[in-house]
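Reviewing the structure listed below.
The values are calculated or read from the model by the stated rules, or taken from the named source; none is laboratory data. Note that the structure is a prediction, hence the values are computed from the model and not measured. When we count neighbours, we look across all protein chains shown, and the Cβ atoms used for this are built from the backbone with ideal geometry, even at glycine. Ligands, DNA and RNA are excluded from the accessible area calculation, which covers all protein heavy atoms including side chains. Shrake-Rupley method; radii C 1.70, N 1.55, O 1.52, S 1.80 Å.
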Amino acid sequence: QVRLVESGGGLVQAGGSLRLSCAASGSIFSINVMGWYRQAPGKERELVAVITRGGSTNYADSVKGRFTISRDNAKNTVYLQMDSLKPEDTAVYYCRLVTSAGIYWGRGTQVTVAS
């Protein structure tokens, strides 16, 4: 069983910053890809950023230059540094792990950006 614990969400003014963290624990054998997705009200869940075990990254066009994903393999933790936040970044942010045993999702953390 794999458990994902997300933290760092909250309310911030436009132009501000937040840092999300997602720590994985449990029966983790090999984490291949770690990433963040988000879902705004009335919209489908979308990719925000992903990072491979080797450190390669991919970002949604809407967050390029503003968000930075990173990971600590020793701690099985992935981070998302979000700068220059915009009201349209408001959503529930979900952590996702791709491992040799399957795909796992966190419960989500709310990010609200006030204009």
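A few comments on the model shown:
- So VAL98, is it assigned to a strand (DSSP E or B) and either open to solvent by less than 60 Å² (accessible area, probe 1.4 Å) or within 28 Å of GLN1 (Cβ to Cβ) (or both): yes
- Taking the conditions (1) assigned to a loop (DSSP other than H, G, I, E, B); (2) open to solvent by 60 Å² or more (accessible area, probe 1.4 Å); (3) touching a Ser or Thr at 6+ places or on another chain (Cβ under 9 Å); (4) at pLDDT below 95 in turn, GLY65 satisfies each one other than (4).
- Residue in region 68-79 that is nearest to VAL5 (Cα to Cα), counting only those that are open to solvent by 50 Å² or more (accessible area, probe 1.4 Å) and touching a residue at least 12 places away in the same chain (Cβ under 8 Å): LYS75
- Of everything in region 84-93 that is touching a strand residue (DSSP E or B) at 6+ places or on another chain (Cβ under 7 Å) and surrounded by fewer than 21 Cβ atoms within 10 Å (Cβ to Cβ), the residue that is farthest from GLN13 (Cα to Cα) is VAL92.
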